[in-house]
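Enquirer: Input: one structure, supplied below.
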């Protein structure tokens, strides 16, 4: 074992840099293409970076504080020989040799002065390498993330290591979110909007739900429900029903539509170890966030969702003061399903759909319900519809009846409330589906829950703050001090 001093390490790095300067001159004289030179320079700079980092570590010494030290009320003894700490950095891997202290030769190591001075992480991978690796892994598959970073750095972790990194990071997600301050609102009139939705994640056989999910379609029973929630600010946007109708049927986009701001996302899946379901956890997070944004309940709180009764039950439990609004596009989806039965011809069908929607937008949901009931009765007397068609129309009627108190769209538009939950559905797709429902994926429960948490933080644009928070917390645990 040959331990170099800091001065020796820095001299080696200087020699390597001098050699690199000579290479640059040679490249210029021999006509090396610039991209080839760029690759070679990057590889040499990595070597120099590793040498400099080794020199930095050498400056902390080997941590010899004597044959024994006192920590609190415990007497710790120095090890019989130096112990190796493997450090995997973005420049490459090297070893740090140092003395360690424990109550006995075969006892748990309790104090490592060098580690504390350097602020070394618990594991072998540096905080920077972990950060870079996980930035890629929350956006693409673990294999792609590992290969991508490996192609850049010339060295890579394993997929198993990357997965373990993600699970460790996720342990800090909940306390990090709880200490986040509320984003600033734009004006006193700004609304607080909450929305939630659920989607299915393909699971490993051991972690699938025992009750098939209707939303899973052909994969019933092979998935587990993940729930996502979002809270954001938005300015009032007063419109007439005709404005919305024009947007939907005449492609007239609303140029002055306000954009959501201060948006925060959450995602959760039931752990199976507690009473709390994934949807419970999401609504608790949303309730905490709403309380942080509007502690005195001065702002109008709006909740826009689809018709899933489970979510509305949780809304009343955790966000009971909110204005309840059924997402207009889910209502439109029911209209289109019924239109295929009532109006088989495409040209007539679109006119029929627009008429139904106009009634909803002008507050005549009861008119639509009565009309559909009459059509269903006439079809039943004339034996005009198949059993499946009868069930489709009956389900749509029931959907409108159950949610009619959330379908006062004329009132909502006049007050400037949002009437669509596109953010929730977009979040399901972006946060969950795009990363966790790719071909061939089957998640284990701990890994799925970890990815939901870390990807949500990344999409909230809070990654840098989260990584620093995690480092501070781990350093405090390891060395009883902040980094």
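Just so you know, all these numbers are worked out from the coordinates, no wet-lab data involved. Given the structure is predicted, the values throughout are model-derived calculations rather than measurements. FYI the Cβ positions are ideal-geometry reconstructions off the backbone, even for glycines, and counts take in every protein chain you see.
Enquirer: Compute the separation of the alpha-carbon centres of segment 367-434 and segment 156-171 and state it in Å as a whole number.
Expert: Using only Cα atoms, the two centres lie 44 Å from each other.
Enquirer: Under a point spin-label approximation (7 Å from Cα along Cα-to-Cβ), what is the residue 309-residue 442 distance to one decimal in nm?
Expert: According to this spin-label approximation, the distance is 3.4 nm.
Enquirer: Related question: Which stretch or stretches of segment 101-129 have amide N atoms under 15 Å from the point lying 7 Å from residue 64's Cα along the Cα→Cβ direction?
Expert: Correct set: 101, 113-114.
Enquirer: Rounded, prolate or oblate: which one fits segment 331-404, using the alpha carbon gyration tensor with axes a ≥ b ≥ c (rounded when a/c is under 1.5, else prolate when a/b beats b/c, else oblate)?
Expert: oblate
Enquirer: Expressed in nm to one decimal, what extension gain is obtained for the pair residue 480 and residue 95 from 0.36 nm per residue of sequence separation less their Cα-Cα distance?
Expert: Contour length minus Cα-Cα distance gives 136.2 nm.
Enquirer: Set the Förster radius R0 to 22 Å, insert the Cβ-Cβ distance between residue 188 and residue 288 as r into 1/(1 + (r/R0)^6), and round the FRET efficiency to 0.05.
Expert: Between residue 188 and residue 288 the formula returns 0.45.
Enquirer: Also: For residue 140 and residue 171, compute 0.36 nm times the residue count separating them, minus their Cα-Cα distance, and round to one decimal in nm.
Expert: Net length gain for the segment: 9.1 nm.
Enquirer: Here's another thing I want to ask about it. Can you give the percent of C-alpha pairs in segment 49-144 whose distance is more than 20 Å?
Expert: 46 percent
Enquirer: Once the Cα atoms of helix 387-403 and of the chain are each reduced to a long axis, what angle between those two axes, in degrees from 0 to 90 to the nearest 10, is obtained?
Expert: 80 degrees
Enquirer: Gain in length, residue 75 to residue 343, computed as 0.36 nm per residue apart minus the alpha-carbon separation, to one decimal in nm?
Expert: Net length gain for the segment: 87.9 nm.
Enquirer: Counting other beta carbons within 10 Å of each Cβ, put 129, 326, 25, 20 in order, fewest first.
Expert: Fewest-to-most ranking of 129, 326, 25, 20: 25, 20, 129, 326.
Enquirer: Also, quick follow-up: Given R₀ = 45 Å, FRET efficiency for residue 473-residue 38 by Cβ-Cβ distance, to 0.05?
Expert: 0.70
Enquirer: Can you sort 70, 427 so the residue with the fewest Cβ neighbours within 10 Å comes first?
Expert: Arranged by neighbour count, lowest to highest, 70, 427 become 70, 427.
Enquirer: Go through (i) 1.38; (ii) 1.30; (iii) 1.90 and flag the label whose value is the computed Cα Rg over 2.2 N^0.38 Å for this structure.
Expert: Computed from the coordinates, Cα Rg over 2.2 N^0.38 Å corresponds to (ii).
Enquirer: Continuing with the same structure: Quick one: if the Förster radius is 56 Å, what FRET efficiency do residue 256 and residue 128 give, using the C-beta to C-beta distance and rounding to 0.05?
Expert: Step by step, r from the Cβ atoms, then E = 0.80.
Enquirer: Per-residue ellipticity at 222 nm for the chain, helices alone: DSSP H runs ≥ 4 residues times -39500 (n - 2.57), over residue total, nearest 500 deg cm²/dmol?
Expert: -16000 deg cm²/dmol
Enquirer: According to a simple spin-label model (label point 7 Å from Cα along Cα-to-Cβ), what is the distance in nm between residue 370 and residue 240?
Expert: That separation, rounded to one decimal, is 2.6 nm.
Enquirer: What is the Cα centroid distance between segment 295-333 and segment 1-33, reported in whole angstrom?
Expert: 64 Å
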